[in-house]
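All remarks here apply to the structure that follows.
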Amino acid sequence: MLRRLMFFGVGALISIIVLSIGDNRVKDTFVAYINYFNPEKRVINQFLFADHKIYLDSNSNRSEIDLFLNKAWVNNEMTDTDSYPQVYVLDNVVISQNQRLYCRYYDMEKRDETIFDPTKEDSVTSLKRFSIVEFVKLEKDIPISSRSYKSYFYLTGIFLLIMIPVIFFCRRLIRRIGLKDE
């Protein structure tokens, strides 16, 4: 049993090494699963995949904002997610320069009335969900917040909360199988 576990471990290690070489879909999916529990990455991905993007600041261009979003983090003290539109403040250090970006995020539903049938009592309408991001202002050379690593600690805690009982269960199972073999 221990020999099988070692073969499995060696095979898993080899597959991780092979998958980490180059760009591939499996590696991107694995990184996406890791970033799923990070709320800052989730917010930035919402901005990147929004249906409409509006650039209001005349001093910055699109490529500058895309470069900013690459490794930005959410300033939780200045962000207001309870209002509508949600106001997000992102901080980042780009080319050794402190920068802050103010964004408004609209998450809306639109009713499509084209399926309406006046002869029927219950009209059928469909909902279409879409999002809009307004990049309001990009400030440079200002003091910014520090990055928070709380989400990674939460992820590690959840992993340990699940894996510690699983390890004890597997040890008990291995002992039972060992006793049956004798």
(message) Name the residue from Asn24, Thr79, Gln97 whose Cα lies farthest towards the positive end of the charge dipole of the chain, charges +1 on Cβ of Lys and Arg and -1 on Cβ of Asp and Glu.
(response) Asn24
(request) May I ask you to evaluate 6.51 cos²θ - 1.76 cosθ + 1.60, the Karplus curve with θ = phi - 60°, for each residue of region 64-71 and list the ³J(HN,Hα) values in order in whole Hz, giving x for glycine and proline? (result) 5, 6, 5, 5, 5, 5, 4, 10
(request) Please give the helix 25-36 orientation as an angle from the longest Cα principal axis of the chain, in degrees from 0 to 90, rounded to the nearest 10. (result) 70 degrees
(message) Using the crude model of +1 on Lys and Arg Cβ and -1 on Asp and Glu Cβ, and no other charge, please compute the dipole size for the chain relative to its Cα centre, in debye to 20.
(response) 1320 debye
(message) With θ taken as phi - 60° and the coefficients 6.51, -1.76 and 1.60, list the Karplus ³J(HN,Hα) couplings across region 41-54 in order, rounded to whole Hz; mark glycine and proline as x.
(response) 5, 5, 5, 5, 5, 4, 5, 5, 9, 5, 5, 10, 10, 10
(request) Please state, as a whole number in µm²/s, the translational diffusion coefficient that the Stokes-Einstein equation yields for region 1-86 at 37 °C and 0.692 mPa s, with Rh defined as the Kirkwood radius across alpha carbon pairs. (result) 196 µm²/s
(message) Please compute, over every Cα-Cα pair in the chain, the percentage with a separation greater than 25 angstrom.
(response) 58 percent
(message) Within 12 Å, Cβ to Cβ, of Asn98, how many net charges do the neighbouring residues add up to if Lys/Arg are +1 and Asp/Glu are -1?
(response) -1
(message) At a 10 angstrom cut-off on C-beta neighbours, averaged per residue, how do the peptides 144-150, 12-18 rank from highest to lowest?
(response) 144-150, 12-18
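Throughout, read-outs are computed from the coordinates displayed, never taken from laboratory work. Predicted model, so just to flag it, every value in this text is computed and none were measured. Because the Cβ atoms are built from the backbone with ideal geometry, glycine has one as well, and the counts that use them run over all protein chains shown.
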